[in-house]
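For reference, the structure discussed in these notes is given below.
The values are calculated or read from the model by the stated rules, or taken from the named source; none is laboratory data. What you see is a predicted model; the values in this text were computed from it and never measured. Glycine also receives a Cβ, built like all others from the backbone with ideal geometry; neighbour counts cover every protein chain displayed. Side chains are part of the model used for accessible areas, which takes the heavy atoms of the whole protein and leaves out ligands, DNA and RNA. Shrake-Rupley method; radii C 1.70, N 1.55, O 1.52, S 1.80 Å.
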Amino acid sequence: MSKSIILACFVLFFPLQPLASPMESKVLEGYLRAVVERELNIENYELTVSDTKKITLLIKDAKKQDILWIKNYLAQIDDINEIIVEKTTPIKRNQKNKLKPKLFPKDDLFQPLVADPKQTKFSASIRAYDYGDDNTTVAAIGFGESFNFYQWQNLPIDGSKVNLGIEAGVFAHFDMETESKNLINADYMIGIPLTYRKDNFSSKLRVYHQSAHLGDEFLLENKVNRINYSFESLHLLSAYDLDHWRFYGGGEYQFHIEPDNFDPVVLQGGIEYYGDSKIMSNGRFIAGLDLKAFEEHSYFINQSLKFGLEFGNPSPAERNLRLMLEAYNGYSPHGQFYNNKIKYFGVGFEWGF
(Lines give C-alpha, C1' and ligand atoms only; values in the text may rest on other atoms or scores of the structure.)
Protein backbone atom coordinates (compact mmCIF):
# COMPACT_ATOMS: atom_id res chain seq x y z
CA MET A 1 0.00 0.00 0.00
CA SER A 2 1.49 3.35 -0.97
CA LYS A 3 2.37 6.02 1.57
CA SER A 4 0.06 8.53 -0.11
CA ILE A 5 -2.94 6.25 0.53
CA ILE A 6 -2.18 5.81 4.23
CA LEU A 7 -1.32 9.43 4.82
CA ALA A 8 -4.41 10.83 3.11
CA CYS A 9 -6.77 8.51 4.97
CA PHE A 10 -5.32 9.22 8.43
CA VAL A 11 -5.03 12.97 7.96
CA LEU A 12 -8.66 13.22 6.87
CA PHE A 13 -10.27 10.78 9.27
CA PHE A 14 -7.93 10.00 12.16
CA PRO A 15 -6.12 13.19 13.22
CA LEU A 16 -3.63 12.82 16.02
CA GLN A 17 -4.71 13.99 19.45
CA PRO A 18 -2.39 16.46 21.21
CA LEU A 19 -0.18 14.75 23.77
CA ALA A 20 -1.18 15.26 27.38
CA SER A 21 2.27 16.31 28.62
CA PRO A 22 5.70 17.12 27.15
CA MET A 23 7.89 14.11 26.33
CA GLU A 24 11.61 13.64 26.53
CA SER A 25 13.43 13.31 23.20
CA LYS A 26 13.91 9.53 23.51
CA VAL A 27 10.28 8.97 24.44
CA LEU A 28 9.18 11.21 21.60
CA GLU A 29 11.38 9.26 19.18
CA GLY A 30 9.80 5.98 20.23
CA TYR A 31 6.32 7.43 19.87
CA LEU A 32 7.15 8.78 16.39
CA ARG A 33 8.55 5.44 15.26
CA ALA A 34 5.29 3.79 16.27
CA VAL A 35 3.32 6.38 14.31
CA VAL A 36 5.53 6.06 11.22
CA GLU A 37 5.60 2.26 11.19
CA ARG A 38 2.17 1.25 12.49
CA GLU A 39 -0.12 4.06 11.41
CA LEU A 40 1.63 5.30 8.26
CA ASN A 41 2.99 1.86 7.26
CA ILE A 42 6.41 3.29 6.30
CA GLU A 43 9.26 0.82 6.60
CA ASN A 44 12.24 2.31 4.74
CA TYR A 45 13.10 5.41 6.75
CA GLU A 46 15.61 7.07 9.09
CA LEU A 47 14.45 9.14 12.08
CA THR A 48 16.40 11.40 14.41
CA VAL A 49 15.10 13.59 17.28
CA SER A 50 17.40 16.28 18.68
CA ASP A 51 17.37 17.57 22.27
CA THR A 52 15.52 20.63 20.98
CA LYS A 53 12.87 18.25 19.55
CA LYS A 54 13.79 18.94 15.96
CA ILE A 55 12.51 16.01 13.90
CA THR A 56 14.41 14.78 10.83
CA LEU A 57 12.65 12.04 8.87
CA LEU A 58 14.30 10.57 5.76
CA ILE A 59 12.02 8.32 3.68
CA LYS A 60 12.88 6.11 0.74
CA ASP A 61 11.06 6.88 -2.55
CA ALA A 62 8.96 9.66 -1.03
CA LYS A 63 7.27 11.91 -3.58
CA LYS A 64 6.75 15.60 -2.99
CA GLN A 65 3.04 15.10 -2.26
CA ASP A 66 3.97 12.35 0.28
CA ILE A 67 6.27 14.77 2.10
CA LEU A 68 3.51 17.38 2.32
CA TRP A 69 1.08 14.83 3.85
CA ILE A 70 3.67 13.68 6.38
CA LYS A 71 4.47 17.20 7.54
CA ASN A 72 0.78 18.02 7.97
CA TYR A 73 0.25 14.77 9.86
CA LEU A 74 3.17 15.12 12.29
CA ALA A 75 2.58 18.84 12.83
CA GLN A 76 -0.41 17.88 14.99
CA ILE A 77 1.95 16.69 17.74
CA ASP A 78 2.47 19.59 20.18
CA ASP A 79 5.94 18.54 21.36
CA ILE A 80 7.59 18.89 17.94
CA ASN A 81 9.38 22.21 17.45
CA GLU A 82 10.65 21.69 13.88
CA ILE A 83 9.98 19.07 11.20
CA ILE A 84 12.26 18.15 8.31
CA VAL A 85 11.04 15.46 5.90
CA GLU A 86 13.18 14.52 2.91
CA LYS A 87 13.61 11.74 0.39
CA THR A 88 16.53 9.32 0.72
CA THR A 89 17.36 5.69 -0.04
CA PRO A 90 18.20 4.00 3.29
CA ILE A 91 18.51 0.27 3.79
CA LYS A 92 15.54 -1.21 5.58
CA ARG A 93 16.34 -1.46 9.27
CA ASN A 94 17.21 -4.90 10.66
CA GLN A 95 16.57 -6.63 7.31
CA LYS A 96 18.67 -7.65 4.34
CA ASN A 97 17.86 -6.38 0.88
CA LYS A 98 16.36 -9.59 -0.48
CA LEU A 99 13.83 -10.46 -3.16
CA LYS A 100 10.30 -10.33 -1.75
CA PRO A 101 7.14 -11.38 -3.60
CA LYS A 102 3.78 -9.74 -2.92
CA LEU A 103 0.37 -11.02 -4.02
CA PHE A 104 -2.27 -8.59 -5.38
CA PRO A 105 -0.34 -5.35 -4.72
CA LYS A 106 -2.38 -2.14 -4.75
CA ASP A 107 0.42 0.24 -5.69
CA ASP A 108 0.66 1.11 -9.40
CA LEU A 109 4.32 1.25 -10.32
CA PHE A 110 3.54 3.07 -13.57
CA GLN A 111 0.91 5.71 -12.86
CA PRO A 112 -2.02 5.90 -15.34
CA LEU A 113 -1.69 8.61 -17.99
CA VAL A 114 -3.75 11.74 -17.41
CA ALA A 115 -4.56 12.70 -21.02
CA ASP A 116 -4.36 9.52 -23.13
CA PRO A 117 -7.84 9.02 -24.70
CA LYS A 118 -7.39 5.25 -24.37
CA GLN A 119 -6.32 5.12 -20.72
CA THR A 120 -8.29 2.40 -18.92
CA LYS A 121 -10.44 4.16 -16.29
CA PHE A 122 -14.03 5.03 -15.40
CA SER A 123 -15.09 8.30 -16.99
CA ALA A 124 -18.00 10.23 -18.50
CA SER A 125 -17.67 13.36 -20.66
CA ILE A 126 -19.80 15.68 -22.75
CA ARG A 127 -17.97 16.93 -25.83
CA ALA A 128 -18.60 19.30 -28.72
CA TYR A 129 -17.27 17.52 -31.84
CA ASP A 130 -16.07 19.31 -34.97
CA TYR A 131 -15.75 16.96 -37.95
CA GLY A 132 -14.86 19.77 -40.36
CA ASP A 133 -18.06 19.59 -42.40
CA ASP A 134 -20.32 18.56 -39.52
CA ASN A 135 -20.72 19.22 -35.78
CA THR A 136 -22.49 17.33 -33.04
CA THR A 137 -22.60 16.78 -29.29
CA VAL A 138 -21.14 13.50 -28.06
CA ALA A 139 -21.25 11.66 -24.73
CA ALA A 140 -18.04 9.69 -24.23
CA ILE A 141 -18.10 6.87 -21.68
CA GLY A 142 -15.14 4.85 -20.43
CA PHE A 143 -15.13 1.70 -18.31
CA GLY A 144 -11.77 0.26 -17.39
CA GLU A 145 -9.34 -0.72 -14.68
CA SER A 146 -5.96 -2.28 -14.05
CA PHE A 147 -5.47 -5.14 -11.61
CA ASN A 148 -2.07 -6.31 -10.36
CA PHE A 149 -1.64 -10.02 -9.69
CA TYR A 150 1.92 -10.14 -8.42
CA GLN A 151 4.80 -7.89 -7.38
CA TRP A 152 8.49 -8.68 -7.07
CA GLN A 153 10.22 -6.32 -4.60
CA ASN A 154 13.91 -5.57 -4.09
CA LEU A 155 15.08 -7.14 -7.35
CA PRO A 156 18.71 -8.33 -7.03
CA ILE A 157 19.81 -6.22 -10.01
CA ASP A 158 18.94 -2.78 -8.65
CA GLY A 159 16.49 -3.08 -5.73
CA SER A 160 13.51 -2.11 -7.92
CA LYS A 161 9.92 -3.39 -8.08
CA VAL A 162 8.03 -5.16 -10.90
CA ASN A 163 4.28 -5.79 -11.17
CA LEU A 164 2.44 -8.27 -13.39
CA GLY A 165 -1.25 -7.64 -14.00
CA ILE A 166 -4.18 -7.38 -16.36
CA GLU A 167 -6.10 -4.37 -17.67
CA ALA A 168 -9.29 -4.04 -19.67
CA GLY A 169 -11.49 -1.23 -20.90
CA VAL A 170 -14.42 -0.18 -23.06
CA PHE A 171 -14.50 3.22 -24.77
CA ALA A 172 -17.86 4.22 -26.23
CA HIS A 173 -19.27 7.45 -27.66
CA PHE A 174 -22.91 8.37 -28.29
CA ASP A 175 -24.48 10.97 -30.57
CA MET A 176 -26.57 13.09 -28.20
CA GLU A 177 -28.31 14.95 -31.04
CA THR A 178 -30.14 11.87 -32.32
CA GLU A 179 -33.53 10.81 -30.98
CA SER A 180 -32.23 7.58 -29.41
CA LYS A 181 -28.81 8.96 -28.44
CA ASN A 182 -27.28 6.49 -30.89
CA LEU A 183 -24.18 4.53 -29.98
CA ILE A 184 -21.67 5.46 -32.67
CA ASN A 185 -18.76 3.20 -31.79
CA ALA A 186 -17.31 1.14 -28.96
CA ASP A 187 -13.68 0.06 -28.67
CA TYR A 188 -12.83 -2.95 -26.51
CA MET A 189 -9.36 -3.44 -25.08
CA ILE A 190 -7.68 -6.09 -22.93
CA GLY A 191 -4.00 -6.41 -22.15
CA ILE A 192 -1.28 -7.88 -19.94
CA PRO A 193 0.99 -5.16 -18.48
CA LEU A 194 4.40 -5.60 -16.87
CA THR A 195 5.35 -2.47 -14.91
CA TYR A 196 8.63 -1.43 -13.30
CA ARG A 197 9.74 1.28 -10.85
CA LYS A 198 13.09 2.36 -9.48
CA ASP A 199 13.01 5.64 -7.53
CA ASN A 200 11.69 8.32 -9.95
CA PHE A 201 11.95 6.14 -13.06
CA SER A 202 9.10 3.86 -14.14
CA SER A 203 8.25 1.84 -17.22
CA LYS A 204 5.37 -0.16 -18.63
CA LEU A 205 5.49 -2.97 -21.19
CA ARG A 206 2.25 -4.54 -22.29
CA VAL A 207 0.75 -6.73 -24.98
CA TYR A 208 -2.87 -5.83 -25.67
CA HIS A 209 -5.76 -6.44 -28.06
CA GLN A 210 -8.22 -3.81 -29.29
CA SER A 211 -11.28 -4.17 -31.52
CA ALA A 212 -13.93 -1.70 -32.71
CA HIS A 213 -17.70 -2.21 -33.04
CA LEU A 214 -20.22 0.19 -34.57
CA GLY A 215 -23.62 0.79 -32.96
CA ASP A 216 -26.67 -0.84 -34.59
CA GLU A 217 -28.72 2.37 -34.78
CA PHE A 218 -25.78 4.25 -36.24
CA LEU A 219 -25.44 1.59 -38.95
CA LEU A 220 -29.17 1.71 -39.75
CA GLU A 221 -29.29 5.50 -40.05
CA ASN A 222 -26.00 6.01 -41.91
CA LYS A 223 -24.51 4.56 -45.05
CA VAL A 224 -21.17 3.44 -43.66
CA ASN A 225 -18.60 1.17 -45.21
CA ARG A 226 -17.95 -0.91 -42.10
CA ILE A 227 -14.35 -1.85 -41.36
CA ASN A 228 -13.54 -4.70 -38.99
CA TYR A 229 -10.80 -2.66 -37.28
CA SER A 230 -8.80 -4.69 -34.75
CA PHE A 231 -5.21 -5.39 -33.81
CA GLU A 232 -2.76 -6.67 -31.22
CA SER A 233 0.08 -4.44 -30.10
CA LEU A 234 3.34 -4.44 -28.18
CA HIS A 235 3.43 -1.15 -26.24
CA LEU A 236 6.33 0.31 -24.24
CA LEU A 237 6.35 3.56 -22.25
CA SER A 238 8.92 4.97 -19.81
CA ALA A 239 8.44 7.92 -17.45
CA TYR A 240 10.47 10.09 -15.09
CA ASP A 241 9.05 12.02 -12.11
CA LEU A 242 10.62 15.39 -11.35
CA ASP A 243 9.03 17.20 -8.38
CA HIS A 244 5.48 18.02 -9.56
CA TRP A 245 6.20 17.04 -13.16
CA ARG A 246 6.18 13.77 -15.04
CA PHE A 247 7.67 13.21 -18.50
CA TYR A 248 7.05 10.07 -20.56
CA GLY A 249 7.75 8.64 -23.99
CA GLY A 250 7.76 5.45 -26.01
CA GLY A 251 5.67 3.79 -28.67
CA GLU A 252 4.06 0.62 -29.93
CA TYR A 253 4.17 -1.85 -32.77
CA GLN A 254 0.82 -3.20 -33.94
CA PHE A 255 0.39 -6.65 -35.53
CA HIS A 256 -2.44 -8.95 -36.66
CA ILE A 257 -4.05 -5.75 -37.97
CA GLU A 258 -7.33 -5.50 -39.84
CA PRO A 259 -7.25 -3.90 -42.36
CA ASP A 260 -3.93 -5.57 -43.13
CA ASN A 261 -2.53 -2.56 -45.03
CA PHE A 262 -2.48 -0.43 -41.86
CA ASP A 263 1.05 0.80 -41.03
CA PRO A 264 2.07 -0.62 -37.62
CA VAL A 265 4.28 1.97 -35.86
CA VAL A 266 2.95 4.44 -33.26
CA LEU A 267 5.06 6.97 -31.32
CA GLN A 268 3.85 8.46 -28.03
CA GLY A 269 5.05 11.04 -25.53
CA GLY A 270 3.70 13.54 -23.05
CA ILE A 271 4.06 15.71 -19.98
CA GLU A 272 1.97 15.87 -16.79
CA TYR A 273 1.72 18.16 -13.78
CA TYR A 274 0.49 17.17 -10.29
CA GLY A 275 -0.17 19.98 -7.81
CA ASP A 276 -0.22 19.60 -4.03
CA SER A 277 -1.78 22.93 -3.01
CA LYS A 278 -5.36 22.65 -1.81
CA ILE A 279 -8.00 24.20 -4.07
CA MET A 280 -11.72 24.21 -3.20
CA SER A 281 -11.16 22.53 0.18
CA ASN A 282 -9.42 19.29 -0.83
CA GLY A 283 -8.83 19.64 -4.58
CA ARG A 284 -5.48 19.42 -6.33
CA PHE A 285 -4.72 20.81 -9.78
CA ILE A 286 -3.58 18.23 -12.36
CA ALA A 287 -2.91 18.51 -16.08
CA GLY A 288 -1.62 16.37 -18.92
CA LEU A 289 -0.70 16.67 -22.58
CA ASP A 290 -0.53 13.42 -24.57
CA LEU A 291 0.97 13.31 -28.07
CA LYS A 292 0.64 10.39 -30.50
CA ALA A 293 1.97 10.01 -34.04
CA PHE A 294 0.91 7.12 -36.31
CA GLU A 295 2.99 5.87 -39.22
CA GLU A 296 -0.37 5.37 -40.99
CA HIS A 297 -0.87 9.16 -40.98
CA SER A 298 2.71 10.10 -41.87
CA TYR A 299 3.43 10.79 -38.18
CA PHE A 300 0.96 13.64 -37.87
CA ILE A 301 0.92 14.55 -34.14
CA ASN A 302 -2.45 14.00 -32.43
CA GLN A 303 -2.82 16.25 -29.38
CA SER A 304 -4.92 15.42 -26.30
CA LEU A 305 -5.04 17.94 -23.44
CA LYS A 306 -6.74 17.52 -20.06
CA PHE A 307 -6.64 19.63 -16.91
CA GLY A 308 -8.75 20.08 -13.82
CA LEU A 309 -9.12 19.20 -10.13
CA GLU A 310 -8.63 15.90 -8.34
CA PHE A 311 -10.46 15.23 -5.06
CA GLY A 312 -9.85 12.41 -2.61
CA ASN A 313 -6.75 10.23 -2.37
CA PRO A 314 -4.16 10.86 -5.11
CA SER A 315 -3.28 7.16 -5.39
CA PRO A 316 -4.87 5.40 -8.41
CA ALA A 317 -5.53 2.41 -6.13
CA GLU A 318 -7.87 4.41 -3.87
CA ARG A 319 -11.09 6.34 -4.32
CA ASN A 320 -10.84 9.73 -5.95
CA LEU A 321 -12.79 11.98 -8.28
CA ARG A 322 -11.55 14.24 -11.06
CA LEU A 323 -13.36 17.12 -12.72
CA MET A 324 -11.59 17.68 -16.03
CA LEU A 325 -11.70 19.99 -19.04
CA GLU A 326 -10.46 18.33 -22.21
CA ALA A 327 -9.51 19.15 -25.79
CA TYR A 328 -8.38 17.04 -28.75
CA ASN A 329 -7.03 17.77 -32.22
CA GLY A 330 -5.98 15.10 -34.68
CA TYR A 331 -7.09 11.85 -36.24
CA SER A 332 -10.00 10.18 -34.49
CA PRO A 333 -9.12 7.77 -31.65
CA HIS A 334 -12.47 6.01 -32.16
CA GLY A 335 -12.21 2.64 -33.88
CA GLN A 336 -12.80 2.47 -37.59
CA PHE A 337 -12.95 6.28 -37.87
CA TYR A 338 -9.15 6.39 -37.57
CA ASN A 339 -8.80 8.17 -40.93
CA ASN A 340 -11.12 11.06 -39.97
CA LYS A 341 -9.67 14.27 -38.57
CA ILE A 342 -11.61 15.72 -35.64
CA LYS A 343 -11.50 18.38 -32.95
CA TYR A 344 -13.42 18.35 -29.70
CA PHE A 345 -13.75 20.29 -26.46
CA GLY A 346 -15.50 18.92 -23.41
CA VAL A 347 -15.93 18.55 -19.68
CA GLY A 348 -16.12 15.32 -17.74
CA PHE A 349 -15.71 13.30 -14.58
CA GLU A 350 -13.28 10.47 -13.85
CA TRP A 351 -13.57 8.00 -10.96
CA GLY A 352 -10.79 6.08 -9.24
CA PHE A 353 -11.42 2.99 -7.11
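Laid out as a table, the results:
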{"quantity": "Nearest-ten-degree value, helix 3-13 long axis tilted from longest Cα axis of the chain", "calculated": "80"}
{"quantity": "Sum of side-chain charges, G144 neighbourhood, beta-carbon under 14 Å (Lys, Arg +1; Asp, Glu -1)", "calculated": "-3"}
{"quantity": "The chain: most fluctuating residue of Y248, Y31, Y150 per GNM, C-alpha cutoff 10 Å", "calculated": "Y31"}
{"quantity": "Surrounding net charge for D134, when Lys and Arg each add one and Asp and Glu each subtract one, Cβ distance under 13 Å", "calculated": "-2"}
{"quantity": "Charge sum, other residues only, whose C-beta stays under 9 Å from G288's C-beta, Lys/Arg counted +1 and Asp/Glu -1", "calculated": "-1"}
{"quantity": "Surface per residue (accessible, 1.4 Å probe) for region 258-353, Å²", "calculated": "46"}
{"quantity": "Folded to 0 to 90 degrees: helix 25-34 orientation relative to the chain principal axis, Cα", "calculated": "30"}
{"quantity": "Over the chain: helical MRE at 222 nm, DSSP H runs n ≥ 4 each giving -39500 (n - 2.57), nearest 500", "calculated": "-3000 deg cm²/dmol"}
{"quantity": "Distance violations [Cα-Cα > 29 Å] among K106/K343; K87/K292; K71/K161; K223/K306; K121/K292", "calculated": "K106/K343; K87/K292; K223/K306"}
{"quantity": "Max mean-square fluctuation residue, GNM over the chain, Cα-Cα springs under 10 Å, options L325, L219, L164", "calculated": "L219"}
{"quantity": "Surface accessible to a 1.4 Å probe, per residue, for the residues of region 90-190, Å²", "calculated": "51"}
{"quantity": "Among L155, L57, L323, residue whose mean-square fluctuation peaks in a GNM of the chain (springs only between Cα atoms under 10 Å)", "calculated": "L155"}
{"quantity": "For N185, residues with placed amide H under 5 Å, excluding near neighbours", "calculated": "H173, G215"}
{"quantity": "With Cα atoms, 0 to 90° folded angle of helix 64-74 axis to the chain main axis", "calculated": "40"}
{"quantity": "Shape category assigned to region 160-297 from the gyration tensor of Cα positions, a/c cut at 1.5", "calculated": "oblate"}
{"quantity": "Test item: Cα-centred dipole of the chain, Lys/Arg +1 and Asp/Glu -1 on Cβ, debye", "calculated": "1400"}
{"quantity": "Surface share of carbon and sulfur [accessible, 1.4 angstrom probe, percent] for region 153-271", "calculated": "60"}
{"quantity": "Given (1) 18.1; (2) 21.9; (3) 19.7, the label whose value is mean projected area of the Cα convex hull in nm² derived from this model", "calculated": "(3)"}
